[in-house]
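Student: Structure provided below as structure tokens; questions to follow.
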Amino acid sequence: MIKGFIFDLDGVITDTAELHYEAWKKLAEEMDWTFDRELNEKLRGISRMDSIKVIMDHNNATLEEEKILELATNKNNIYVDSLDSMTQEDYLPGVKELLTHLRTEGFNVALGSASKNAIKVLEQLNANMYFDVIGDGNSVAKSKPAPDIFIYGAEKMGLQPDECIVFEDAEKGIDAAKAGGFHSIGIGPEERVGHADLRFDSMADATLFEVKAHFKELFS
Ligand code: BG6
Ligand code: MG
């Protein structure tokens, strides 16, 4: 029986990929590294430190751990500044309606994000009231594709993984949900999230009606 939902943040609740892209691009330019939107796609869902390592591998760059941390912090400062321009208008289409619907029907709702800036993003969107539990990049040590952040959310809601549905836009996020024994909904193209139990092209299609229709036996 489904009793709770766990939402990824970036790419599910709001689209921050472009802001992450701009910030990494700026850092890459300073370092004389190549960085483009294709590479940015590979960073979807993975932690900041994993992200900079992907960019460095792509550029055959090696640096001391301390320097890597400093560069990741610089990128983060650029990203955090850019979040100031985010407003309550920046929910992805359909998200507010779905979150409101889940509240009305009394489901438990958790955030399960890899981002250490999740609180700031939720504040910019004024989205705190939709969540019973906030799991972010500070909540667990092992990031996606490890299932830890979703397990954290489920435990805090007092639920088992098979009582929860995870919403994710990242390949590694769906991997994490599956590894933890959660039901999963992928948001985005087949090539990225086709391994989810159910997939929608966008959050606008992901109504509670459609979700219930697909997971029928789990809601009765
Ligand atoms: C994920 C994003 O939600 O959070 C990734 O999809 C990002 O692109 C990761 O790297 C970590 O975010 P932050 O805000 O802690 O740098
Ligand atoms: Mg995401």
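The values are calculated or read from the model by the stated rules, or taken from the named source; none is laboratory data. Source: prediction; values computed, not measured. Here Cβ is always computed from backbone atoms with ideal geometry, including for glycine, and neighbour counts include all displayed protein chains. For the accessible areas, the whole protein counts, side chains as well, though only heavy atoms, and no ligand, DNA or RNA atoms are used. Shrake-Rupley method; radii C 1.70, N 1.55, O 1.52, S 1.80 Å.
Student: Mind checking whether some residue in the stretch 20-40 is part of a loop (DSSP other than H, G, I, E, B) and surrounded by 17 or more Cβ atoms within 10 Å (Cβ to Cβ)?
Tutor: Within the stretch 20-40, the subset part of a loop (DSSP other than H, G, I, E, B) is 32-36.
Remaining after also requiring surrounded by 17 or more Cβ atoms within 10 Å (Cβ to Cβ): 33, 35.
Looking through the stretch 20-40, at least one residue is part of a loop (DSSP other than H, G, I, E, B) and surrounded by 17 or more Cβ atoms within 10 Å (Cβ to Cβ).
Student: Mind counting the residues in the stretch 1-16 that are within 7 Å of ligand 1 (Cβ to nearest atom) and of a type in the set (A, V, I, L, M, F, W, C)?
Tutor: Counting residues in the stretch 1-16 that are within 7 Å of ligand 1 (Cβ to nearest atom) and of a type in the set (A, V, I, L, M, F, W, C) gives 1.
Student: Could you list all residues from the stretch 99-117 that are assigned to a helix (DSSP H, G or I) and either open to solvent by less than 60 Å² (accessible area, probe 1.4 Å) or in contact with a helix residue (DSSP H, G or I) (Cβ under 7 Å, 6 or more places away or on another chain) (or both)? Step through it out loud before you land on a result.
Tutor: Residues of the stretch 99-117 assigned to a helix (DSSP H, G or I): 99-104.
Within the stretch 99-117, L99, H101, L102, R103 qualify.
Student: Now for a separate question. With respect to L43, is the statement that it is without any contact (Cβ under 8 Å) to a residue 40 or more places away in the chain, within 14 Å of the chain's Cα centre (by Cα) and either outside the structural domain of A72 (by the TED database) or within 9 Å of ligand 1 (Cβ to nearest atom) (or both) true?
Tutor: yes
Student: Test of understanding: among K178, K120, K142, K156, which residue is surrounded by fewer than 24 Cβ atoms within 10 Å (Cβ to Cβ), more than 11 Å from the chain's Cα centre (by Cα), charged (D, E, K, R) and in a loop (DSSP other than H, G, I, E, B)?
Tutor: Exactly one of K178, K120, K142, K156 is surrounded by fewer than 24 Cβ atoms within 10 Å (Cβ to Cβ), more than 11 Å from the chain's Cα centre (by Cα), charged (D, E, K, R) and in a loop (DSSP other than H, G, I, E, B), namely K142.
Student: Next question, about the same structure. Please work out which one of (1) under 18 Å from the mean Cα position of the chain (by Cα); (2) under 30 Å from D162 (Cβ atoms); (3) not β-branched (V, I, T) is the condition E105 fails and give its number.
Tutor: Failed condition: (1).
Student: Separate question: Suppose the filter is over 24 Å from M203 (Cβ atoms), assigned to a helix (DSSP H, G or I), within 16 Å of ligand 2 (Cβ to nearest atom) and of a type outside the set (V, I, T); does D50 pass it?
Tutor: In short, yes.
Student: Under 8 Å between Cβ atoms, at least 6 apart or on separate chains: pull out the pairs that start in the stretch 118-137 with a residue that is away from ligand 2 (no atom under 16 Å from the Cβ) and among the basic types (K, R) and end on any residue that is open to solvent by 10 Å² or more (accessible area, probe 1.4 Å) and at pLDDT below 95.
Tutor: Close Cβ pairs (under 8 Å, with a partner that is open to solvent by 10 Å² or more (accessible area, probe 1.4 Å) and at pLDDT below 95) do not exist here.
Student: What number of residues within the stretch 123-139 satisfy the criterion of being open to solvent by less than 50 Å² (accessible area, probe 1.4 Å), farther than 24 Å from M1 by Cβ and part of a helix (DSSP H, G or I)?
Tutor: So the count comes out to 2.
Student: Give the residue that is surrounded by the most Cβ atoms within 10 Å (Cβ to Cβ), with candidates limited to residues of the stretch 53-63 that are more than 10 Å from ligand 1 (Cβ to nearest atom) and outside any loop (DSSP other than H, G, I, E, B).
Tutor: Among them, the one singled out is I55.
Student: Another question about this same structure. Kindly establish whether I149 is modelled with pLDDT of 95 or more, open to solvent by less than 10 Å² (accessible area, probe 1.4 Å) and within 14 Å of the chain's Cα centre (by Cα).
Tutor: Spelling it out, I149 is indeed modelled with pLDDT of 95 or more, open to solvent by less than 10 Å² (accessible area, probe 1.4 Å) and within 14 Å of the chain's Cα centre (by Cα).
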